[in-house]
1. Please name whichever of 147, 27, 107 sits farthest to the positive end of the charge dipole of the chain, dipole taken about the Cα centre and charges placed at Cβ: Lys and Arg +1, Asp and Glu -1.
2. Can you list residues from other chains, or at least 5 along the same chain, whose modelled amide H is less than 5 Å from the amide H of residue 334?
3. Based solely on C-alpha atoms, express the radius of gyration and the Dmax of the stretch 261-307 in angstrom.
4. Measuring from centroid to centroid over Cα atoms, what is the spacing of the stretch 273-306 and the stretch 158-200 in Å?
5. Can you give the alpha-carbon Rg of the chain over 2.2 N^0.38 Å, where N counts its residues?
6. Before rounding to the nearest 500, sum -39500 (n - 2.57) across all DSSP H runs of length at least 4 in the chain and divide by the residue total; then give [θ] at 222 nm in deg cm²/dmol.
7. Report, largest value first, the span of the C-alpha coordinates of the stretch 209-251 along each principal axis, in whole Å.
8. Work out from phi, with θ = phi - 60° and the Karplus expression 6.51 cos²θ - 1.76 cosθ + 1.60, the ³J(HN,Hα) of each residue of the stretch 142-153, listed in order in whole Hz, and give x for Gly and Pro.
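Read the figures in this text as sums done on the coordinates, not as results from a lab. Here the structure is a predicted model, which means the values were calculated and not measured. When we count neighbours, we look across all protein chains shown, and the Cβ atoms used for this are built from the backbone with ideal geometry, even at glycine.
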Amino acid sequence: MAASNCAVEPPRVLLLVPARTYRAADFLAAAGRMGLDLVVGSDGALPLGGHPVARVSPGDPAGSADRIMALGRRFDAVVAADAPMLTLAAVLAERMGLPHNPVDAVIAAADKAEQRRRWFRIVPATASQDALRRAAAEAGFPCVVKAVSLSASQGILRADDPAAAAAAARRIRRILAAARRPGHEPLLVEQYVPGPELSIDGLLTGHGLTVTAIFDKPGTPDGPTFEETVLVTPSRLPRPVQAAAIATAGRAARALGLSHGPVHAELRIGQRGGQPRPVMLELAARSIGGLCSRALRFAGDQSLEELVLADALGRPAAAGRPAARPSGVLMLPVPRSGVLRAVEGRGDAIAVPGVTGLNITIPVGRRVQPLPDGDRYLGFIFAEADTQEDVEQALARARERLRVVIS
Ligand SMILES: Nc1ncnc2c1ncn2[C@@H]1O[C@H](COP(=O)(O)OP(=O)(O)OP(=O)(O)O)[C@@H](O)[C@H]1O
Ligand SMILES: [Mg+2]
C-alpha cells in the first residue's frame, strides 16, 4: 500500500506524566483525539494505553534529560501533564530547542516563597551599580527603588529603566546618609504596581482581621515620587474588590506571624488576566499614622485609638461600624525646599463647607524639603460630607485657599 508515502507524519509529543496525577487519562484522551504520536515519560507504573514509556525521575532533571536525549528521537513538543514534571519539561525543551519557560522561572513558580521573592529584590549596600541595574531588570520595569527603614514616602522613587534605577539608588543612599541611617542598610527594588491604592485598618484577633476602616486614596501618584495626599472613607471600590483586599491583608498579617492588635495595610489594586488583583505594598503592626485617624469616628463617637485600647484590654471590638458619614483627610505635601515662613489663608480654608479641621504640624521657621528627601507633611486638612465626592471637593477647595510661604 502506498498510503504511508503520502501520509503526513503526526506531531510527536513527549508527555511527562508523574506517577501521582489526576491528569493522565485526560491528557491521553486529548492526545488520542488529536492523533498525536505520543511518547510518555513517567516515574511510575501507569495504565498508559500502550504508548512507549520512557523512565524519568522528576527529582533528577539533568539525568532524566540525558536519558531522553539518548533516545535520539526528535520531538515537536514536550508537555508536563502535572506540576512535578514542570522542571524536567523545561530542561528538556531547552535542550531540544523547543519554546519553553526559563527553567529557573518554572522552579520559582513552584515555590510560593520564591514567587513572593520574585517581584522584589533586596540589594545590599555593598552592591555595585551593575548589580543594582541587574536587580531592577529582574524585578521588571517600571520598578520602585526604596529605602527599607524610612516612612512617609521618603527615599522612594520610581525608575523606568536601568539607568534611572541606578540614579534612584544613588539618590536614596544620600537621603539615608542625611537621615543618619547605618550605611549597611540594603535597598528594596520591586515591581511598580499601577492601579488605585487603598489602606485597610483593622484589629487582629484569634478569629482574624476585624476591619475598622478602609480608605481610598484618590489621585494616588504614579511617581517618580509618591506623596500621600487624600484619604477618603468609606471606600468606593466594588465590594468584592474590597473583600479580596481584606483577605490579602489578613494573609499578609498571618504570614508575618502577627495575631494581635492593630494593623495598617497598604495595597494597590493591580490587574491580572483582566481581573482586579490586590497587591500588598506593606503592612504595619499599628494603626494608621499621622493625624489621619482623626478622620474616623465609630459607634458611640469612639475614636480609633479607643478601639485600639479597648482591644488591648481584651474588650470585644464593637468596631466594624464607622460613623455613617463619609470623611477624609488631605496631607499637605511640602512643595519645595527652604524655610517655612507661613501658611496663610487658614481661616478661609477652615470656612470651606465640609471642612472640619486643619492642623499645620510644622512650626514656622523650620527647614523643609519635598519628597523624596523630606519626611514630613506640612499638615492635615479634615472634611466630612454626605458623599465621598463632596469630601474630596471640600478638601481640594480648602487646599486651594492655603498659601504656603517658603523662602
Ligand atoms: N511597588 C509599588 N508600586 C506602586 N507604587 C508603590 C510601590 N511601592 C511604593 N509605592 C508608592 O509609594 C508609597 C509609599 O510607599 P511605602 O508605603 O512602601 O512607603 P512608606 O514610606 O511607608 O509610605 P507611608 O509612610 O506614606 O506609608 C505607596 O503608598 C505607593 O503609593
Ligand atoms: Mg506606606
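1. So the residue we want is 147.
2. Residues meeting the criterion, in which the H sits 1.01 Å from N, are 371, 378.
3. 14.4, 44
4. After rounding, the separation between the Cα centres reads 24 Å.
5. For the chain, the normalised Cα radius of gyration is 1.32.
6. -9000 deg cm²/dmol
7. Over the stretch 209-251, Cα extents along the principal axes are 31, 21, 17 Å.
8. x, 10, 10, 9, 9, 6, 8, 10, 9, 9, 6, 6
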